[in-house]
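A quick write-up on the structure given underneath.
Taken together, the values in this text are just the output of simple stated rules run on the coordinates, not laboratory data. All figures in this text were calculated on a predicted structure; none of them were measured in a lab. In this analysis, Cβ positions are derived from the backbone assuming ideal geometry, glycine residues included, and neighbour counts consider all displayed protein chains.
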């Protein structure tokens, strides 16, 4: 499976089959899945816990570390898909709606190079720019 | 966009374009993205914080609550995709590999109806089953 | 050390000494400590991931499980104290202020037996109570 | 209340009284408290989400930002204390035991200036030090 060729529906199907075969729907309350999602997200963070920003960027060039992170991201993805299955949500549709909302909330011309009103300023910001 | 018709690559493209237009790659260190993923996962959990398992299942039938959860899941997905972009990871491939590993780790015949060795036992488990 | 006899300042001192001896202040940016706090909180959650509410209450009676949870809570506490040290915060004072705020926000007479406006209702709530 | 004068037991008492008056023990399953702890930890992280390590250190000098972080830390502390109450755990004792374990696991002479075997090395580490 590759990102280019795999639909979200196909991924959800793999999770559904896995859960169904093990009769695990009983454990897959949306609450438990939300907890699981958070647990796995923390495991992703653990790979970067003490790294500087630069060291975290370097992970992209370190095959073994990148593979370890990829495995944790796969766990996050699996629980995300499981939640969509339990709640009957279309993830792509929810994503599309939220990105449209983000476009409105963070107009590109106002937010280029800064993450928000609290942004203390970035190195390549023109002098005087708020 | 719907799950049936949308590939992971297409979703990643939407995120990439959004980040690029705002010159936000500077903030998207893998470390910051891992943190963001965890923050959003906690926001998903917040919707279920005090609910009983049954109340959490009922969310699937409550349009407004389900929509609120969908929006948070979309945020988790967006950061997951952003991380894949920054690290150059194929999410579907990582997912496929991890699910194959899970098939080995949790053989369906041994794990039907139970989540692990710590499982104190479920109502429909045959008597005497470990 | 026991809760009855130990002040927050004493606990902070133990953490400070530990960090100082290892020259770890360099890693203890408030950001890294916040991440560490979240990682440990997820490890606490992991002990309850698939348990029902009742099974989670039973942990109080299971010495080995309770000890495992206690160890994770100790980790959360250690990072909380480390953050107070790095930021120069008095935790007891911050706690007192927040509890006073909570007293205002959740008046006891209005919130008896319910956690908020979203509370779908609890078994012992009088009929008709919103 | 100040760190110098306040015992952990006193803090736990304040939480217990707050919970008792509102008849909230019903919601305070250890599982729900673990979830709440993680939610609040994420809210602490949110204050540092996009900051550089240096910007995060600067928070110590910014009264308003530091107060905001203090409030979130107070929330984490409150749930930690609530968990100790529900599980009947002595936090100081658990902390003492864990710090003793950490002393063994991270001998000061081996871990001065480095956080572990994965530590790629810090600027002030002597050349040749592993």
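Points worth noting:
- Matching residues in the range A:10-22 - criterion: being within 7 Å of chain B (Cβ to nearest Cβ) and either in contact with a strand residue (DSSP E or B) (Cβ under 7 Å, 6 or more places away or on another chain) or surrounded by 16 or more Cβ atoms within 10 Å (Cβ to Cβ) (or both): A:11, A:12, A:14, A:18, A:22
- Pick from the range D:98-108, criterion within 7 Å of another protein chain (Cβ to nearest Cβ) and over 16 Å from the mean Cα position of the chain (by Cα), ranking: farthest from residue C:44 (Cα to Cα): D:108
- Some residue of the range B:56-76 being buried (at least 20 other Cβ atoms within 10 Å of the Cβ), within 14 Å of chain D (Cβ to nearest Cβ), without any contact (Cβ under 8 Å) to a residue 12 or more places away in the chain and touching a helix residue (DSSP H, G or I) at 6+ places or on another chain (Cβ under 6 Å): yes
- Meets criteria (buried (at least 18 other Cβ atoms within 10 Å of the Cβ), on the phi < 0 side of the Ramachandran plot and under 17 Å from the mean Cα position of the chain (by Cα)) for residue D:7: yes
- Qualifying residues in the range A:28-54 (those that are farther than 25 Å from residue C:30 by Cβ and buried (at least 23 other Cβ atoms within 10 Å of the Cβ)) - the one farthest from the other protein chains (Cβ to nearest Cβ): A:33
- Of the numbered criteria (1) at the interface with another protein chain (Cβ under 7 Å from one of its Cβ atoms); (2) under 18 Å from the mean Cα position of the chain (by Cα); (3) buried (at least 22 other Cβ atoms within 10 Å of the Cβ), the one residue D:82 fails is (1).
- Residue in the range B:27-37 that is over 30 Å from residue A:5 (Cβ atoms) and assigned to a loop (DSSP other than H, G, I, E, B) present: yes
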